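Rule-based calculations on the coordinates, nothing more; no lab input. All values derive from a computational prediction rather than experimental measurement. Because the Cβ atoms are built from the backbone with ideal geometry, glycine has one as well, and the counts that use them run over all protein chains shown.
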Amino acid sequence: MISSVSISPNGKYLASGGKDKKLNVWDIIELNNVSRTFDAGAQINQISFNPKLQWVAVGTEKDIKVWDLMNVSTKPISVLEIDLSKS
């Protein structure tokens, strides 16, 4: 089930994610095939693109992860852990 969708500011990419814990980035011209897939490690609740860089961020139930779409690595460039003990 998809819970969040976002279109990049340049109009080239569409990103989707949800309960399957996968961030799928689609080329908007070629919507038949996923261009890139990233493992968010938790259900994705929100997706957002950086307006100037080719970065995409996801908010999950336990953290925020940022990926650089220009990097071939599937590992996030940044992870912000959420301290659930303060909730």
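Details
- The residue that is surrounded by the most Cβ atoms within 10 Å (Cβ to Cβ), among those in region 56-71 that are of a type outside the set (Gly, Ala, Ser) and closer than 16 Å to Tyr13 by Cβ, is Val58.
- Filtered residues of region 56-87 (kept if among the hydroxyl-bearing types (Ser, Thr, Tyr) and not in a loop (DSSP other than H, G, I, E, B)): Thr60, Ser78, Ser85
- Search result, residues across region 1-55 that are β-branched (Val, Ile, Thr) and either outside any loop (DSSP other than H, G, I, E, B) or surrounded by 16 or more Cβ atoms within 10 Å (Cβ to Cβ) (or both): Ile2, Val5, Ile7, Val25, Val34, Thr37, Ile44, Ile47
- Scan of region 1-44 for residues that are over 14 Å from the mean Cα position of the chain (by Cα) and polar (S, T, N, Q), ordered by number: Asn10, Asn32, Asn33
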